[in-house]
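The values are calculated or read from the model by the stated rules, or taken from the named source; none is laboratory data. Not measured: the values here are computed from a predicted model. Please note: Cβ atoms are built from the backbone with ideal geometry, for glycine as well, and neighbour counts cover all protein chains shown.
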Amino acid sequence: MAQTANYGIDLLDEGQQEKEATINDGFNKLDSETIVPTYTVGTLPSVGAGGGVIYVSDATPAASMCFSNGTNWIDVLTGATVA
C-alpha cells in the first residue's frame, strides 16, 4: 500500500488570521482554499528569495496571481515583470 505524508502549513484566512491546512502529498490537495496576500502595483512587497505568490489587484492587463523569481514579481498570465 502506498504511504502518504501530511504536512501542516500556515495559511491566512480573509481576515489575515493564520489557519492550518494540510497537504496530502499523495494527491497534492489542500484541505481548504489558499488565500494569498493582495497588493497593488504601488504596494508590492520586496521580492525576497523567490517562490513567493501574491495577488496583484491592478496588474496589467488584468488582476493576476504573480510569483517571485528571486529578482522580480512575474505575472502568471503574461509572464511579464510586474512593476
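Can you tell me which residues in region 40-62 are under 12 Å from the mean Cα position of the chain (by Cα), farther than 17 Å from T78 by Cβ and surrounded by 11 or more Cβ atoms within 10 Å (Cβ to Cβ)? Selection gives G50, G52. Checked across region 24-43, the condition of being assigned to a strand (DSSP E or B) and at pLDDT 90 or above holds for at least one residue. Of the residues making up region 69-79, just one is surrounded by 16 or more Cβ atoms within 10 Å (Cβ to Cβ) and of a type in the set (A, V, I, L, M), namely I74.
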